[in-house]
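The values are calculated or read from the model by the stated rules, or taken from the named source; none is laboratory data. Predicted, not measured: the structure shown is a model, and the values here were computed from it. Counting neighbours? That spans all protein chains shown, and the Cβs are built from the backbone with ideal geometry, glycine included.
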Amino acid sequence: MADLDLQPFWRGVERGELLAQRCLACGRRVFYPRAVCPACGAPRLAWEATSGSGQVHAYTIVHRAPPGFEDDTPYAVGLVVVDDDVRLVARLVDCDPQAVRVGMRVRLAPRALAEGTIAPCFAPTEVA
Amino acid sequence: MIARRHMHEYGTTPEQLAEVAVASRRWAALNERALRREPLTIEGVLASPMIVDPLHRHDCCLVTDGAGAIVVCSEPRASGCAHPPVWVLAHATAHEHHAIASMPNLTTSTAAARSGREALAMAGIHIEEIDVVELYDSFTITVLMTLEALGLCAPGEGGAFVEGGRIAPGGDLALNTNGGGLSYCHPGMYGIYLLTEAVRQLRGEAGPAQVPNARLGLAHGTGGVLSTAATVVLGAADG
């Protein structure tokens, strides 16, 4: 089985793009990134850009953080849905955590988090 | 996030989530082995430190040491044992998503619904016939989700269902009668306690927490990120 090369994804985040995959066999959008299509099993997946915009489907505000993130509390983490078919859990930034709402429009806002990786975070499209 | 989405879709309140923790504490008060037995009120839950909003500290299970064991044997072998056996009437397992972002519907545990449905079908009984229910309570929202998935109440109605002490001692549903992971103990793998408590109840060995005439018990474990489920239906020896 082919190994999954995540470099395109992380390079995309660094330049402000959220990449997903599309299966070249069945046409399905795939996310999180996979080595094979979870729908049809085909090993041929192509990277493509998403709009990077979506909405908060659910969220929590972390007060008791895992190791390495204690200094960031309280911070908001959301389940963000991009383009209706890309779902990911991401830090929500550039807003008061208490102002986060279900349905809030957000856009990709890559940010270096505690461990140093440039992470796909999201910020409100309009300041609440 | 599941609790937040449940609130968003169904109007579930922090007070309703707290009801679960309060009921568990009242059962724990009847269990001399339980770690947390002091009284707890809804206000006390809401005043406890926020861990991951909307879940307060008392919405989250304990962190303890502990261990348990069960002996499973054939029917002929059981007849010579020191204690009356408890029969395994049915069992089922199911799993759903891998990551929480892949959960098809945050407020519906498809895995729990499936394992519960299949176990009850194997036992040939309806959920209403169960006398005592032991289900995994990592967080208070886990209990609401599982009550709904098992059909003890309608989807979205878990919050209203537990109001008014309904799952506390003396309520309509004997639930987590040892105090659960919220107040009894929680050594990481809590599932064994679901079975041991169901067995105690069906043997009539539950002391002050004994549910009168408990003949049928259901134990339901949840794992992963609300993604794996196992249901066991147990029956008392002469029932």
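Tabulated values for the structure
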read-out: Residue among A:Gly12, A:Gly16, A:Gly27 that is in contact with a Phe, Trp or Tyr (Cβ under 9 Å, 6 or more places away or on another chain) and at pLDDT 95 or above; value: A:Gly12
read-out: Close pairs (6 angstrom Cβ cut-off, 6 or more residues apart or separate chains): of a type in the set (Lys, Arg) in region A:72-88, crowded, with 19+ Cβ neighbours inside 10 Å anywhere; value: A:Arg87/B:Ala101
read-out: Qualifying residue in region B:99-108 (condition: in contact with a Gly (Cβ under 8 Å, 6 or more places away or on another chain), in contact (Cβ under 8 Å) with a residue 40 or more places away in the chain, within 18 Å of B:Tyr136 (Cα to Cα) and surrounded by 14 or more Cβ atoms within 10 Å (Cβ to Cβ)); value: yes
read-out: Considering residues of region B:42-69 that are touching a strand residue (DSSP E or B) at 6+ places or on another chain (Cβ under 7 Å) and of a type in the set (Asp, Glu) only, the residue nearest to A:Ala76 (Cα to Cα); value: B:Asp53
read-out: Residue that is surrounded by the most Cβ atoms within 10 Å (Cβ to Cβ), among those in region A:94-118 that are of a type in the set (Gly, Ala, Ser) and either closer than 12 Å to A:Gly52 by Cβ or at pLDDT 95 or above (or both); value: A:Ala109
read-out: Residues of region B:5-38 satisfying the condition of being surrounded by fewer than 17 Cβ atoms within 10 Å (Cβ to Cβ) and either modelled with pLDDT under 95 or in a helix (DSSP H, G or I) (or both); value: B:Glu9, B:Glu15
read-out: Residues of region B:39-92 that turn out to be in a helix (DSSP H, G or I), surrounded by fewer than 16 Cβ atoms within 10 Å (Cβ to Cβ) and under 21 Å from the mean Cα position of the chain (by Cα), as a count; value: 1
read-out: Single residue of B:Ala154, B:Ala121, B:Ala160 found to be part of a loop (DSSP other than H, G, I, E, B) and on the phi < 0 side of the Ramachandran plot; value: B:Ala154
read-out: Candidates B:Glu129, B:Glu157, filtered to the one that is at pLDDT 95 or above, acidic (Asp, Glu) and out of contact with any strand residue (DSSP E or B) (no Cβ under 9 Å at 6 or more places or on another chain); value: B:Glu157
read-out: Pair list, Cβ under 6 Å, 6 or more apart: region A:52-64 residue more than 13 Å from A:Val100 (Cα to Cα), other residue at pLDDT 95 or above and among the hydroxyl-bearing types (Ser, Thr, Tyr); value: A:His63/A:Thr73
read-out: Candidates B:Gly170, B:Gly151, B:Gly116, B:Gly159 - the one that is surrounded by fewer than 20 Cβ atoms within 10 Å (Cβ to Cβ), within 28 Å of B:Arg25 (Cβ to Cβ) and in contact (Cβ under 8 Å) with a residue 12 or more places away in the chain; value: B:Gly151
